[in-house]
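K.L.:
Mind looking over this structure? Questions follow.
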């Protein structure tokens, strides 16, 4: 997983399927939220991928599988 809020080439989101949400922001970063881990456990984490630096940043969420959802987005 890595340290929250710190971009690092060693940071990677865990393998997942059925991602709850994914999008690209106005400056080209890719965002990834939640999903299913190995088909049986829910994920509640938010990640940002910077294409220019080729690095993931763990932004929010719990590193524990099946944690209750607790985040939303407002614009």
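K.L.:
Restricting the range 1-24 to residues that are outside any loop (DSSP other than H, G, I, E, B) and at pLDDT below 85, which is surrounded by the fewest Cβ atoms within 10 Å (Cβ to Cβ)?
P.N.:
My answer is 21.
K.L.:
Of all residues in the range 9-26, count the ones that are under 13 Å from residue 53 (Cα atoms) and out of contact with any strand residue (DSSP E or B) (no Cβ under 6 Å at 6 or more places or on another chain).
P.N.:
Initial filter on the range 9-26 (under 13 Å from residue 53 (Cα atoms)): 9-11.
The next check asks that each one be out of contact with any strand residue (DSSP E or B) (no Cβ under 6 Å at 6 or more places or on another chain); those that pass are 10.
Looking only at that region, the number is 1.
K.L.:
If you don't mind, another one. Identify, by number, the condition in (1) in a strand (DSSP E or B); (2) at pLDDT 90 or above; (3) surrounded by fewer than 14 Cβ atoms within 10 Å (Cβ to Cβ) that residue 27 doesn't meet.
P.N.:
Failed condition: (1).
The values are calculated or read from the model by the stated rules, or taken from the named source; none is laboratory data. Predicted, not measured: the structure shown is a model, and the values here were computed from it. Note: ideal-geometry Cβ built from the backbone for every residue, glycine included; neighbour counts use all protein chains shown.
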